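The values are calculated or read from the model by the stated rules, or taken from the named source; none is laboratory data. Since the structure is predicted, the reported quantities are computational estimates derived from the model, not experimental observations. Don't worry about glycine lacking a Cβ; one is built from the backbone with ideal geometry, like all the others, and counts go over all protein chains shown.
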Amino acid sequence: MQLAFYAAGGVAAAIALAATAAPKAFAAPLATRRDSILAARIDGTWAGHRSSSISLRPQQFTMSWRTAPDGHVTGMVNVPGEGKYPVNVVWASDTAFIFESAPHLSRVLHERVVMRSLVHFKGDQLAGTFDARPTKYKGRTITGSFDAVRSS
């Protein structure tokens with residue numbers, strides 16, 4: 001009986017901790033050299049389509065990437081009807097990278113979310129998956145996939 005009491009207390013403490021562990025700031029960018037291979041591969045504007053767990057129709061979007069003066073790769077994602085939000089590359093390899101967004105309002109969920117995406121290089125295209133999670137410990141998560149091609 002005492003073990004069940006402690007287990008219930010532990011679960012309650014974990015839930016309370018998770019509720020207060022909402023992201024407070026934009027993810028720190030990956031430190032890269034200004035002339036990095038990643039920057040050379042993704043600098044520019046990319047146009048694509050994304051499909052999500054909530055919408056039946058694919059949505060168009062654009063991503064604009066640039067190398068900041070300090071060398072990290074930063075970008076802006078623009079989804080028509082939702083507006084623009086900044087993103088930072090937080091991890092990269094020869095074949096893929098991960099970016100995370102600043103907290104922004106999701107038109108679909110009607111709350112602030114942080115989006116995290118795993119992107120793979122597929123020749124001269126990008127293919128990836130994403131999840132948009134609420135910044136509070138409640139609500140739904142949107143997951144999906146996308147593909148994009150360089151538009152400029």
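Worth a mention:
- Residues that are touching a residue at least 40 places away in the same chain (Cβ under 8 Å) and touching a helix residue (DSSP H, G or I) at 6+ places or on another chain (Cβ under 6 Å) within the range 61-96 comprise 73, 92, listed in sequence order.
- Taken over the range 112-152, residues that are acidic (Asp, Glu) and part of a loop (DSSP other than H, G, I, E, B) amount to 1.
- Extreme residue, surrounded by the fewest Cβ atoms within 10 Å (Cβ to Cβ), among residues of the range 50-65 that are modelled with pLDDT under 90 and not charged (D, E, K, R): 56
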